[in-house]
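One structure below.
The values are calculated or read from the model by the stated rules, or taken from the named source; none is laboratory data. Being a predicted model, the structure only gives us computed values, none of them experimental. Ideal geometry is used to build each Cβ from the backbone, glycine not excepted, and the neighbour counts take in all protein chains shown.
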Amino acid sequence: MLSRRQILTAGLAAPFAYAAGAFVPAWAQGAPNLGTPTLPNPGFRRAKVGDIEVIALIDGVARRPLGEEFVKNAPIAEVRALLASQNLPTDYIDIPFTPFLVVAGNRRILMDTGLGEWGGATTGKLLENLRAAGFQPGDIDTVLISHYHGDHINGLRNKAGEFVFSKAKVMVPAPEHAFWMDDARLASAPEAMKGAFNNVRRTFGQMPAGMLEQFQPGAEVAPGVRSVAAFGHTPGMSMFEATSAGQTFTFVADLTNVPALFARNPDWAVTFDMDAEAARKTRREVFARVVANNSLVGGFHFPFPAIGRMAASGSGYAFQPAA
């Protein structure tokens, strides 16, 4: 677990700054002067994995300036050159937010929840796209949370304080919950990071005991769905693997932000990783495994449809979106 000193040393105050009263992390706040990102229409994409269905449901896209701080251990010139080589913009970064729904028999399992009502105009589209795909919030029986950054948990409750997926069991990684709910860590956290801690309390603090269930990473969280420890981005981040008829879908959560950068260069550290070295090690191990197993992957911040496969590319990996 990270100490206050480690947090300060990592320079995390700015990435974790929250807008006053809005509970929106800095990386999820749009920058209108850079133009408005185009949202996909329709905002969902289906894929079959054995006998189950996986549906990518985009919650939106935020456009952020590309600054020196975004990649912590590479010169900005190299970062821009890599983007240019892929015909991508070099002055801003588009960050999509994409939860996934697993439909397995009569089970409806949602992986992460997006920003809900707490983001900007180009976010908060999960429920709209869920309905467009043929489902209602009340159809969800299980919500799996990968980690406690606001763009993954804010969709659990609306501004009125109501639980959006009121019939669902909310399953969370135990080490992640322990870190963010620790009162001593909140008290000693940098001022700019206190909003992140308080946002977790807003989301989970009054959740009924029967709704919230903690799991140890590595445990089965639903029939055919296993959690996988993926520590580094946060102290307890977990991925999820859904397996059916010999096929596997791996939700990699925030294993990499912007695969055009951090999959191509897995050793580069995004400013949002709380433990950059652990995140780098996890990234390399996971990408090697999903490529070897030819797993279908889904990434929360991958470009839409956010689902596809990874392929070896130079000293890193390239995301190949599903057709």
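Restricting to the range 162-182, name every residue that is touching a residue at least 12 places away in the same chain (Cβ under 8 Å) and more than 18 Å from the chain's Cα centre (by Cα). Give the derivation first.
The initial filter retains those residues of the range 162-182 that are touching a residue at least 12 places away in the same chain (Cβ under 8 Å), namely 163-181.
The answer is F163, V164, F165, S166, K167, A168, K169, A178, M181.
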Which one of the conditions (1) exposed (fewer than 14 other Cβ atoms within 10 Å of the Cβ); (2) farther than 30 Å from G50 by Cβ; (3) out of contact with any strand residue (DSSP E or B) (no Cβ under 9 Å at 6 or more places or on another chain) does P208 fail to meet, given that it meets all the rest?
-> (3)
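Are any of the residues in the range 174-182 assigned to a loop (DSSP other than H, G, I, E, B) and either among the polar types (S, T, N, Q) or closer than 23 Å to V49 by Cα (or both)? So that I can check it myself, show each step before the final result.
Let us first name the residues in the range 174-182 that are assigned to a loop (DSSP other than H, G, I, E, B), namely 181-182.
From what's left, either among the polar types (S, T, N, Q) or closer than 23 Å to V49 by Cα (or both): none.
No, there is no match, as no residue in the range 174-182 is assigned to a loop (DSSP other than H, G, I, E, B) and either among the polar types (S, T, N, Q) or closer than 23 Å to V49 by Cα (or both).
Could you run through the range 47-70 and say how many residues are in contact (Cβ under 8 Å) with a residue 60 or more places away in the chain and surrounded by 15 or more Cβ atoms within 10 Å (Cβ to Cβ)? Even if it seems obvious, please write down each step before you answer.
So the first thing to find is which residues in the range 47-70 are in contact (Cβ under 8 Å) with a residue 60 or more places away in the chain, and the list is 47, 49-52, 54-62, 69-70.
Next, from what is left, pick out any that are surrounded by 15 or more Cβ atoms within 10 Å (Cβ to Cβ): 47, 49-50, 52, 54-62, 70.
Count: 14.
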Out of all the residues in the range 275-289, is one or more touching a helix residue (DSSP H, G or I) at 6+ places or on another chain (Cβ under 8 Å) and surrounded by fewer than 24 Cβ atoms within 10 Å (Cβ to Cβ)?
-> yes
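To keep it simple, each residue is scored yes or no on (1) touching a strand residue (DSSP E or B) at 6+ places or on another chain (Cβ under 9 Å); (2) within 20 Å of M111 (Cα to Cα); (3) modelled with pLDDT of 95 or more; (4) among the small types (G, A, S).
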{"residue": "K167", "(1), (2), (3), (4)": "no, yes, yes, no"}
{"residue": "A174", "(1), (2), (3), (4)": "yes, yes, yes, yes"}
{"residue": "H177", "(1), (2), (3), (4)": "yes, yes, yes, no"}
{"residue": "M181", "(1), (2), (3), (4)": "no, no, yes, no"}
{"residue": "A184", "(1), (2), (3), (4)": "no, no, yes, yes"}
{"residue": "A192", "(1), (2), (3), (4)": "yes, no, no, yes"}
{"residue": "V200", "(1), (2), (3), (4)": "no, yes, yes, no"}
Go through (1) charged (D, E, K, R); (2) under 14 Å from F251 (Cα atoms); (3) out of contact with any strand residue (DSSP E or B) (no Cβ under 7 Å at 6 or more places or on another chain) and name the single condition R309 misses.
-> (3)
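For the subset of the range 140-160 comprising residues that are free of Cβ contacts under 8 Å to residues at least 40 places away in the same chain and surrounded by fewer than 18 Cβ atoms within 10 Å (Cβ to Cβ), which member is nearest to M237 (Cα to Cα)? Steps first, answer last, please.
So the first thing to find is which residues in the range 140-160 are free of Cβ contacts under 8 Å to residues at least 40 places away in the same chain, and the list is 140-141, 143, 145, 160.
Remaining after also requiring surrounded by fewer than 18 Cβ atoms within 10 Å (Cβ to Cβ): 141, 160.
Values: D141: 22, A160: 28 Å.
That would be D141.
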Quick one: which of F16, F44, F23 is among the aromatic types (F, W, Y) and at pLDDT 95 or above?
-> F44
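I'd like to know if the range 82-89 contains one or more residues that are touching a residue at least 24 places away in the same chain (Cβ under 8 Å), within 19 Å of H233 (Cα to Cα) and not in a loop (DSSP other than H, G, I, E, B). Show your work before the answer.
Let us first name the residues in the range 82-89 that are touching a residue at least 24 places away in the same chain (Cβ under 8 Å), namely 82-83, 86, 88.
Still in the list and also within 19 Å of H233 (Cα to Cα): none.
No, there is no match, as no residue in the range 82-89 is touching a residue at least 24 places away in the same chain (Cβ under 8 Å), within 19 Å of H233 (Cα to Cα) and not in a loop (DSSP other than H, G, I, E, B).
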Breaking point among (1) in contact with a Gly (Cβ under 8 Å, 6 or more places away or on another chain); (2) part of a helix (DSSP H, G or I), for G138 = (1)
Complete set of residues in the range 206-217 that are under 19 Å from the mean Cα position of the chain (by Cα) and either among the aliphatic types (A, V, I, L, M) or under 16 Å from M111 (Cα atoms) (or both) = Q214, F215, P217
